[in-house]
Amino acid sequence: DCHQLLYIKSGQIRLRIKEETYEAGPGTLALISRLEPHSIEILSEDYRRYTVTVSPEIQNYAAIMGETLISALVNRPRAFLHTVHLADTERAESLLQLMVKESDSSEILNGKMRLFLLAQLLVHFCREYPETFPEKPENLQRIQQVRLYLEENFASKCDLESLAAEFHLSQSYLSHQFREVTGSSVI
(Lines give C-alpha, C1' and ligand atoms only; values in the text may rest on other atoms or scores of the structure.)
Protein backbone atom coordinates (compact mmCIF):
# COMPACT_ATOMS: atom_id res chain seq x y z
CA ASP A 1 0.00 0.00 0.00
CA CYS A 2 2.77 2.42 -0.96
CA HIS A 3 3.71 4.65 -3.85
CA GLN A 4 6.89 3.58 -5.61
CA LEU A 5 9.72 5.24 -7.44
CA LEU A 6 11.74 2.82 -9.50
CA TYR A 7 15.09 3.95 -10.91
CA ILE A 8 16.86 1.66 -13.39
CA LYS A 9 20.61 1.61 -12.76
CA SER A 10 21.47 -1.01 -15.37
CA GLY A 11 19.81 -3.52 -17.65
CA GLN A 12 16.48 -3.47 -19.43
CA ILE A 13 12.92 -4.15 -18.29
CA ARG A 14 9.41 -4.06 -19.61
CA LEU A 15 7.17 -2.29 -17.13
CA ARG A 16 3.41 -2.55 -17.28
CA ILE A 17 1.44 0.07 -15.35
CA LYS A 18 -2.33 -0.18 -15.64
CA GLU A 19 -2.89 -0.80 -19.35
CA GLU A 20 0.33 0.83 -20.60
CA THR A 21 3.61 -0.94 -21.34
CA TYR A 22 6.98 0.83 -21.16
CA GLU A 23 10.49 -0.30 -22.12
CA ALA A 24 12.95 1.01 -19.56
CA GLY A 25 16.72 1.07 -19.28
CA PRO A 26 19.50 2.87 -17.40
CA GLY A 27 18.51 6.35 -16.23
CA THR A 28 14.78 5.66 -16.33
CA LEU A 29 12.68 6.80 -13.39
CA ALA A 30 9.23 5.25 -13.04
CA LEU A 31 6.56 6.72 -10.76
CA ILE A 32 3.89 4.28 -9.64
CA SER A 33 0.95 5.32 -7.48
CA ARG A 34 -0.20 2.96 -4.77
CA LEU A 35 -3.47 2.45 -6.65
CA GLU A 36 -1.89 1.47 -9.97
CA PRO A 37 -1.48 -2.24 -10.73
CA HIS A 38 1.90 -2.91 -12.26
CA SER A 39 4.33 -5.67 -13.20
CA ILE A 40 7.95 -5.91 -14.26
CA GLU A 41 9.45 -8.25 -16.84
CA ILE A 42 13.25 -8.38 -16.61
CA LEU A 43 14.79 -8.41 -20.10
CA SER A 44 18.51 -8.58 -19.27
CA GLU A 45 20.63 -10.34 -16.67
CA ASP A 46 22.47 -7.20 -15.55
CA TYR A 47 19.27 -5.57 -14.27
CA ARG A 48 19.83 -3.43 -11.17
CA ARG A 49 17.51 -0.84 -9.71
CA TYR A 50 16.74 1.42 -6.80
CA THR A 51 13.24 1.16 -5.38
CA VAL A 52 11.87 3.87 -3.12
CA THR A 53 8.60 3.07 -1.39
CA VAL A 54 6.62 6.03 -0.14
CA SER A 55 3.86 5.70 2.43
CA PRO A 56 0.46 7.28 1.66
CA GLU A 57 1.07 9.43 4.75
CA ILE A 58 3.45 11.48 2.59
CA GLN A 59 0.50 13.84 2.11
CA ASN A 60 0.90 14.87 5.75
CA TYR A 61 4.16 16.51 4.69
CA ALA A 62 2.62 18.78 2.04
CA ALA A 63 3.66 21.82 4.07
CA ILE A 64 7.29 20.73 3.80
CA MET A 65 7.37 19.22 0.31
CA GLY A 66 4.64 21.19 -1.40
CA GLU A 67 1.54 19.96 -3.20
CA THR A 68 3.24 19.92 -6.60
CA LEU A 69 5.91 17.42 -5.57
CA ILE A 70 3.44 15.16 -3.82
CA SER A 71 1.19 15.30 -6.88
CA ALA A 72 3.88 13.39 -8.82
CA LEU A 73 3.12 10.42 -6.58
CA VAL A 74 -0.67 10.56 -6.48
CA ASN A 75 -2.11 12.46 -9.44
CA ARG A 76 -2.27 11.38 -13.04
CA PRO A 77 -3.17 14.36 -15.23
CA ARG A 78 -3.61 13.84 -18.95
CA ALA A 79 0.07 14.48 -19.87
CA PHE A 80 1.50 12.43 -17.01
CA LEU A 81 4.51 10.29 -17.85
CA HIS A 82 4.91 7.12 -15.76
CA THR A 83 8.46 6.63 -16.99
CA VAL A 84 10.99 9.28 -17.87
CA HIS A 85 14.65 9.28 -18.71
CA LEU A 86 16.51 11.66 -16.42
CA ALA A 87 19.23 13.65 -18.17
CA ASP A 88 21.29 14.10 -15.00
CA THR A 89 21.62 10.46 -13.97
CA GLU A 90 24.63 11.21 -11.80
CA ARG A 91 22.55 13.51 -9.58
CA ALA A 92 19.65 11.05 -9.38
CA GLU A 93 21.94 8.16 -8.44
CA SER A 94 23.73 10.28 -5.87
CA LEU A 95 20.41 11.13 -4.17
CA LEU A 96 19.33 7.48 -4.25
CA GLN A 97 22.65 6.34 -2.75
CA LEU A 98 22.19 8.87 0.06
CA MET A 99 18.66 7.50 0.66
CA VAL A 100 20.10 4.00 1.01
CA LYS A 101 22.74 5.27 3.41
CA GLU A 102 20.06 7.01 5.50
CA SER A 103 17.94 3.84 5.53
CA ASP A 104 20.87 1.92 6.99
CA SER A 105 21.41 4.53 9.70
CA SER A 106 19.83 4.33 13.12
CA GLU A 107 20.18 8.07 13.70
CA ILE A 108 17.01 9.69 14.98
CA LEU A 109 16.82 12.22 12.13
CA ASN A 110 17.31 9.76 9.26
CA GLY A 111 13.57 9.71 8.44
CA LYS A 112 13.54 13.47 7.93
CA MET A 113 16.70 13.29 5.84
CA ARG A 114 15.12 10.64 3.58
CA LEU A 115 12.11 12.93 3.17
CA PHE A 116 14.34 15.82 2.08
CA LEU A 117 16.27 13.54 -0.30
CA LEU A 118 12.97 12.34 -1.79
CA ALA A 119 11.90 15.96 -2.22
CA GLN A 120 15.16 16.70 -4.04
CA LEU A 121 14.64 13.74 -6.37
CA LEU A 122 11.09 14.88 -7.13
CA VAL A 123 12.30 18.46 -7.74
CA HIS A 124 14.83 17.00 -10.17
CA PHE A 125 11.99 15.14 -11.95
CA CYS A 126 9.70 18.20 -11.87
CA ARG A 127 12.32 20.45 -13.44
CA GLU A 128 13.04 18.02 -16.27
CA TYR A 129 9.38 17.15 -16.93
CA PRO A 130 7.14 20.08 -15.89
CA GLU A 131 4.46 18.99 -18.38
CA THR A 132 3.53 16.05 -16.15
CA PHE A 133 2.12 18.36 -13.51
CA PRO A 134 -1.27 20.12 -13.50
CA GLU A 135 -1.45 23.20 -15.69
CA LYS A 136 -3.17 25.23 -12.97
CA PRO A 137 -1.33 24.56 -9.71
CA GLU A 138 -3.70 26.88 -7.83
CA ASN A 139 -6.42 24.22 -8.21
CA LEU A 140 -4.15 21.49 -6.94
CA GLN A 141 -4.59 22.14 -3.23
CA ARG A 142 -8.39 22.10 -3.34
CA ILE A 143 -8.48 18.92 -5.44
CA GLN A 144 -5.94 17.31 -3.08
CA GLN A 145 -8.31 18.11 -0.21
CA VAL A 146 -11.21 16.48 -2.05
CA ARG A 147 -9.12 13.39 -2.85
CA LEU A 148 -7.99 13.09 0.78
CA TYR A 149 -11.60 13.45 1.93
CA LEU A 150 -12.61 10.62 -0.38
CA GLU A 151 -9.76 8.41 0.85
CA GLU A 152 -10.62 9.05 4.49
CA ASN A 153 -14.36 8.49 3.93
CA PHE A 154 -14.21 5.69 1.37
CA ALA A 155 -16.65 3.55 3.35
CA SER A 156 -19.30 6.27 3.46
CA LYS A 157 -21.84 6.85 0.74
CA CYS A 158 -20.77 9.89 -1.23
CA ASP A 159 -22.09 11.38 -4.45
CA LEU A 160 -20.96 14.27 -6.61
CA GLU A 161 -23.73 16.56 -5.35
CA SER A 162 -22.86 16.17 -1.65
CA LEU A 163 -19.13 16.34 -2.35
CA ALA A 164 -19.53 19.57 -4.32
CA ALA A 165 -21.63 21.04 -1.49
CA GLU A 166 -19.03 19.98 1.10
CA PHE A 167 -16.29 21.89 -0.75
CA HIS A 168 -18.49 24.80 -1.95
CA LEU A 169 -17.95 24.04 -5.63
CA SER A 170 -20.28 23.48 -8.55
CA GLN A 171 -20.66 19.85 -9.56
CA SER A 172 -19.40 20.41 -13.09
CA TYR A 173 -16.38 22.41 -11.92
CA LEU A 174 -15.47 19.76 -9.32
CA SER A 175 -15.89 16.95 -11.82
CA HIS A 176 -13.80 18.69 -14.50
CA GLN A 177 -11.01 19.83 -12.17
CA PHE A 178 -10.80 16.49 -10.38
CA ARG A 179 -10.28 14.65 -13.67
CA GLU A 180 -7.83 17.30 -14.89
CA VAL A 181 -5.63 16.99 -11.80
CA THR A 182 -5.93 13.32 -10.85
CA GLY A 183 -6.57 11.68 -14.21
CA SER A 184 -9.66 9.90 -12.89
CA SER A 185 -13.26 10.77 -12.20
CA VAL A 186 -14.64 11.59 -8.76
CA ILE A 187 -16.73 8.42 -8.97
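The values are calculated or read from the model by the stated rules, or taken from the named source; none is laboratory data. Note that this is a predicted model, so its numbers are computed, not measured. Here the Cβ positions follow ideal geometry from the backbone for every residue, glycine too, while neighbour counts run over all protein chains shown. Side chains are part of the model used for accessible areas, which takes the heavy atoms of the whole protein and leaves out ligands, DNA and RNA. Shrake-Rupley method; radii C 1.70, N 1.55, O 1.52, S 1.80 Å.
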Report task. Sort Phe178, Phe167 by accessible area with a 1.4 Å probe, largest first. Result -> Phe167, Phe178
Query raised in the report: Carbon and sulfur atoms: what percent of the 1.4 Å accessible area of segment 18-167 do they account for?
Result: 50
**Report entry** Contour minus Cα-Cα distance for Ser55 and Lys101 (0.36 nm per residue)
**Finding:** 14.7 nm
Requested in this report: Using only Cα atoms, tell me the angle between helix 137-152 and the longest principal axis of the chain; keep it within 0 to 90° and round to the nearest 10.
Outcome: 80
**Report entry** For Cys158, solvent-accessible area (1.4 Å; no DNA, RNA or ligand), Å²
**Finding:** 60
Query raised in the report: Assigning unit charges at the beta carbon (Lys, Arg +1; Asp, Glu -1) and nothing else, what dipole magnitude in debye, to the nearest 20, does the chain show about its Cα centre?
Result: 40
Query - Cβ charges +1 (Lys, Arg) and -1 (Asp, Glu), total dipole of segment 35-82, debye - result: 160
Report task. Using the heavy atoms of the protein chains and a 1.4 angstrom probe, tell me the accessible area per residue for segment 1-140 in square angstrom. Result -> 54
Report summary line: Cα extents of the chain per principal axis, largest first, Å, are 53, 40, 30
